[in-house]
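See below for the structure under consideration.
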Amino acid sequence: TLPSTLPAGFRAVAVGVDDVVMAGGLLQPGDLVDVVVSFQEADRDDPAAMVLLRSLQVLAVKGAMAAASSDQDREAQRRNNTVVLAVPKDKVPTLLLASEEGTLRLAVLASEDKAADDSDEEKKAKPVYYKDLFPSARAPAPRATPGQK
């Protein structure tokens, strides 16, 4: 059952998904994911994106806590477009607000990254702004003006 798979201090939170959000439809229970969010409306001139939460365990995909084994299971999963994540209880409001105000994507961690311990610096969320993706335009060089006669 879901409560028995949930680590202490965590809450099971369902996030609405489609195949794009859930890593191209390849996400499986037991995977670890980073939750990435983008905000379009925060500042229309400068949308932002950031890694919101790191290394969350996927508890269930499309209502199943294990991979679908039969055609009947796959058919039932088509009707449930959610992924259930184990979220630290103090981060539940953060995830809720981000899912309401932004667009979520789940980024699967590589097997080697699962064992790696992220530094505190890496764990801090640093937004990336649209304007940061492009080099700033250089100011035109001042033109020499002819002296007055």
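The values are calculated or read from the model by the stated rules, or taken from the named source; none is laboratory data. All figures in this text were calculated on a predicted structure; none of them were measured in a lab. Please note: Cβ atoms are built from the backbone with ideal geometry, for glycine as well, and neighbour counts cover all protein chains shown.
Values computed for the structure shown
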| read-out | value |
| --- | --- |
| Residue within region 31-41 that is out of contact with any strand residue (DSSP E or B) (no Cβ under 6 Å at 6 or more places or on another chain) and at pLDDT below 90 present | yes |
| Any hit, region 89-107, residues being modelled with pLDDT of 80 or more, over 17 Å from the mean Cα position of the chain (by Cα), surrounded by fewer than 16 Cβ atoms within 10 Å (Cβ to Cβ) and outside any helix (DSSP H, G or I) | no |
| Criterion violated by residue 44 - all others in (1) surrounded by 13 or more Cβ atoms within 10 Å (Cβ to Cβ); (2) basic (Lys, Arg); (3) modelled with pLDDT under 90 satisfied | (1) |
| Condition met for residue 112 (modelled with pLDDT of 60 or more, out of contact with any Asp or Glu (no Cβ under 8 Å at 6 or more places or on another chain), of a type in the set (Asp, Glu) and closer than 23 Å to residue 48 by Cα) | no |
| First in region 27-53 and among the hydroxyl-bearing types (Ser, Thr, Tyr), second anywhere and at pLDDT 85 or above and part of a loop (DSSP other than H, G, I, E, B), Cβ under 9 Å, 6 or more apart | 38/47; 38/102 |
